[in-house]
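The values are calculated or read from the model by the stated rules, or taken from the named source; none is laboratory data. Here the structure is a predicted model, which means the values were calculated and not measured. Cβ sites come from the backbone with ideal geometry, for glycine too, and all protein chains shown count toward neighbours. When the accessible area is computed, the model is the full protein with side chains, heavy atoms only, and any ligands, DNA or RNA have been set aside. Shrake-Rupley method; radii C 1.70, N 1.55, O 1.52, S 1.80 Å.
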Amino acid sequence: MGTLSCDPDYFSLNVKTQRKDLYDREEELAFLEKSVELPITVVTGIRRVGKSSVVSVFLSDKPGMLVDLRETGPNPSARELFKRFEKALNSSRIKRLWQFLSERIRGISVGPFGVVFERGVEQSMTLSALFDLFEDYASSERVVFTIALDEVQEARGYKRLQAAIAHSYDYNKHVRFVLTGSQVGLLEDFLGERDPSAYLFGRAVSRVEVKRLSKERSLDFLNKGFYACGVDPPKELEKVVEALDGIVGWLAHYGNYKLKGLSTKEIIKNAAMLELEEVKKLRGKYYLPILQSLAQGSASWSYIFRFVRANVDTSERQFNEALKQLVKYGFVEKNKEGYSIADPVLRLAVSKTWKNFEDW
Ligand SMILES: Nc1ncnc2c1ncn2[C@@H]1O[C@H](COP(=O)(O)OP(=O)(O)O)[C@@H](O)[C@H]1O
Ligand SMILES: [Mg+2]
């Protein structure tokens, strides 16, 4: 319904950029504000829990930019990474910084739509040098400049990014990094928490995890979201909250499509399909059987291994590698009982039980 106007707009499907459209997250925002003393803050959480939204709202009233690194990896080129920085600089709308950069680097100019990184600029300068320029800019403006790297583990193959962050950590007092990603991918892979040879190994970081909403908060989110659009909330909200397990991205998805008149079954099915597409991007024959083994809930390593082996040929090594990837990308969580699927919608998708939503 294009005519529907909602304020606050809790159900929009884009990353939230305005404080008023972000439900709650007081604690996370306060944590980000106060952890400015350390050059790196790490924001972890499962998929669709609201990491990008929290960071983007945090940046909305301060100098900085959000660099989207999704789908750059695992081995991005320098060209690709510089393009992501160019895009982030333009979204930031900090015109003084555009000017500042263009006056100091040959390959950067200012055009009608913002800064332009000319071809080859990535060969004539390094990311470290770019970060040093942010430092010079920030110190001349007497501000702290925040570089948020969203889903940074996706660019893990480009070691010079880690080297540049390490360099900036040590020398640039006005530059600060906020790194988002999944727990394992970010902390182990990118920061090299257990790898003494990693560039960022041993450097202190502040950490905050964005969590699921509780049942009460989920219900409150949905109710407020509908009222904000002048619409009476549907009767089924308790059941919806039960099914979507506090993942705010799915709650927003539900609200958005409900307002557009879709049935709950269609909405859940679309969500399930969306999630399966994401898993398919990983490409590999073990992922689906692993997820299917977890369709009913948590399972132990040995149960999953036996289940998978009954369905496809695999060695222990191949199996472990696939399981590790699923954890790294945040599809599967490791817990006391073994492993489980983090996202209820993915659980519905692999067990095909979204069909049960027929009679809602
Ligand atoms: N606190 C919030 N209030 C309202 N909507 C939110 C909130 N957090 C996330 N969303 C919505 O949920 C979806 C996923 O959010 P996003 O920030 O992209 O999550 P992540 O980065 O963790 O995958 C988006 O549609 C976003 O608008
Ligand atoms: Mg995100």
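Quickly run through the range 158-182 and pick out the residues that are open to solvent by less than 30 Å² (accessible area, probe 1.4 Å) and modelled with pLDDT under 95. Once the filter is applied, which keeps residues that are open to solvent by less than 30 Å² (accessible area, probe 1.4 Å) and modelled with pLDDT under 95, the range 158-182 yields 158, 181, 182. Taken over the range 16-32, residues that are within 8 Å of ligand 1 (Cβ to nearest atom) and surrounded by 18 or more Cβ atoms within 10 Å (Cβ to Cβ) amount to 5.
Counting only helices (runs of 4 or more DSSP H) that sit wholly inside the range 251-322, those with at least 2 residues that are charged (D, E, K, R) are 264-280, 301-311. Residues that are within 19 Å of residue 27 (Cα to Cα), open to solvent by 30 Å² or more (accessible area, probe 1.4 Å) and not charged (D, E, K, R) occur at least once in the range 200-221. Among the residues making up the range 194-215, those that are part of a loop (DSSP other than H, G, I, E, B), within 20 Å of the chain's Cα centre (by Cα) and among the basic types (Lys, Arg) are 211, 212. Please work out if residue 62 is assigned to a helix (DSSP H, G or I) and open to solvent by 20 Å² or more (accessible area, probe 1.4 Å). So residue 62 fails the test. Does residue 35 meet the test of being more than 18 Å from the chain's Cα centre (by Cα) and open to solvent by less than 30 Å² (accessible area, probe 1.4 Å)? For residue 35, the condition - more than 18 Å from the chain's Cα centre (by Cα) and open to solvent by less than 30 Å² (accessible area, probe 1.4 Å) - is met.
The residue of the range 304-320 that is modelled with the highest pLDDT, among those that are more than 30 Å from the chain's Cα centre (by Cα) and closer than 24 Å to residue 345 by Cα, is 307.
With respect to the conditions (1) open to solvent by 40 Å² or more (accessible area, probe 1.4 Å); (2) part of a loop (DSSP other than H, G, I, E, B), residue 246 falls short on a single one, namely (1). The residues of the range 6-15 that are open to solvent by 90 Å² or more (accessible area, probe 1.4 Å) and more than 9 Å from ligand 1 (Cβ to nearest atom) amount to a single one, 7. Selection of first residues in the range 16-39 that are closer than 14 Å to residue 178 by Cβ and of second residues that are open to solvent by 30 Å² or more (accessible area, probe 1.4 Å) and assigned to a loop (DSSP other than H, G, I, E, B), restricted to Cβ pairs under 6 Å at least 6 apart or on distinct chains, gives the following pairs, ordered by first then second residue: 38/204. Please work out if residue 54 is within 16 Å of ligand 2 (Cβ to nearest atom), open to solvent by less than 10 Å² (accessible area, probe 1.4 Å), in a helix (DSSP H, G or I) and of a type in the set (A, V, I, L, M, F, W, C). It is true that residue 54 is within 16 Å of ligand 2 (Cβ to nearest atom), open to solvent by less than 10 Å² (accessible area, probe 1.4 Å), in a helix (DSSP H, G or I) and of a type in the set (A, V, I, L, M, F, W, C). Screening residue 186 against (1) farther than 19 Å from residue 84 by Cβ; (2) under 18 Å from the mean Cα position of the chain (by Cα); (3) among the aliphatic types (A, V, I, L, M) leaves a single unmet condition, (1).
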